[in-house]
Amino acid sequence: MLRAMVFIDHMNFDNSLKNYYREILKQPQEILIDYKTFPQRLVEKVAPDCKLIKTYLFAPKPDDFLRTDTYWDKYYTWISNFKNFKNFDVIEGEYKARQVEGAAAMDINKKNTYYKVEKGTDINMAVNIITKAFHNSYDTAILITGDRDYAMVLEQLKIIGKLSVISAVKGQNISSIKQYADGSFIMDDTFFKTCARKH
């Protein structure tokens, strides 16, 4: 049986998921994804001849300033829980606050005093996909992203002889990247219900 690995660009996926439910379906609350079953359901859908070997989730770690915001503190605690999942690794980038020019100081309660910069997610994901391909750790890579920056990664996978599938949330424009992959899959409400978290 062929082997598959799932690589999740979490911020890209999470923002697209929220946009899909709120803007496209006009629902105030998106489905809560069960990340223990989500990768398996995805492999079953897009690569049924494969066995899921491992999942990698790439997410930024909020800095100390951002974690004084309850939202970002809860986000990081929630992401950190995934580290306990079997065959599931969390690879952390950075989420840093930067002071807005002209602001006297950053104030977590005043959004006009700072902005956020995400660092490391894309490069971490690219390096892991390529490194594991060179080490023959998988046969098929399933990338959950709509970011065209991964086009070069997908081209390298073709050279190495690995298969790739781009999976994105309905509403994401993947026309500029799916041509580089061997397949693509658009996730919608019907699919998400198969891996929804039980409340």
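The values are calculated or read from the model by the stated rules, or taken from the named source; none is laboratory data. All of these numbers come straight from a predicted model, not from anything done at the bench. So basically every Cβ, Gly included, is an ideal-geometry build from the backbone, and we count neighbours across all protein chains shown.
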Does Leu163 satisfy the criteria of being surrounded by 15 or more Cβ atoms within 10 Å (Cβ to Cβ) and either under 19 Å from Lys51 (Cα atoms) or out of contact with any strand residue (DSSP E or B) (no Cβ under 8 Å at 6 or more places or on another chain) (or both)? yes
Suppose the filter is over 19 Å from Asp63 (Cα atoms) and touching an Asp or Glu at 6+ places or on another chain (Cβ under 6 Å); does Leu163 pass it? yes
Farther than 28 Å from Lys61 by Cα, loosely packed, with under 15 Cβ neighbours inside 10 Å and polar (S, T, N, Q), is that true of Asn173? no
Scan the range 83-110 residue by residue and report those that are exposed (fewer than 11 other Cβ atoms within 10 Å of the Cβ) and more than 19 Å from Phe58 (Cβ to Cβ). Glu101, Gly102, Ala104, Ala105, Asn109
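Please tell me if Glu101 is among the acidic types (Asp, Glu) and without any contact (Cβ under 8 Å) to a residue 40 or more places away in the chain.
On the way: among the acidic types (Asp, Glu): yes; without any contact (Cβ under 8 Å) to a residue 40 or more places away in the chain: yes.
When the stated conditions are applied, Glu101 passes them.
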Taking the range 1-55, which residues are in a strand (DSSP E or B), among the hydrophobic types (A, V, I, L, M, F, W, C) and closer than 23 Å to Ala133 by Cβ? Leu2, Ala4, Met5, Val6, Phe7, Ile8, Cys50, Leu52, Ile53
Among the listed residues Lys51, Lys18, Lys36, Lys61, identify the single one that is more than 15 Å from the chain's Cα centre (by Cα) and either more than 13 Å from Ile144 (Cβ to Cβ) or at pLDDT 95 or above (or both). Lys51
Filter the range 38-77 for residues that are of a type in the set (S, T, N, Q) and in contact with a strand residue (DSSP E or B) (Cβ under 9 Å, 6 or more places away or on another chain); the one that is surrounded by the fewest Cβ atoms within 10 Å (Cβ to Cβ) is Gln40
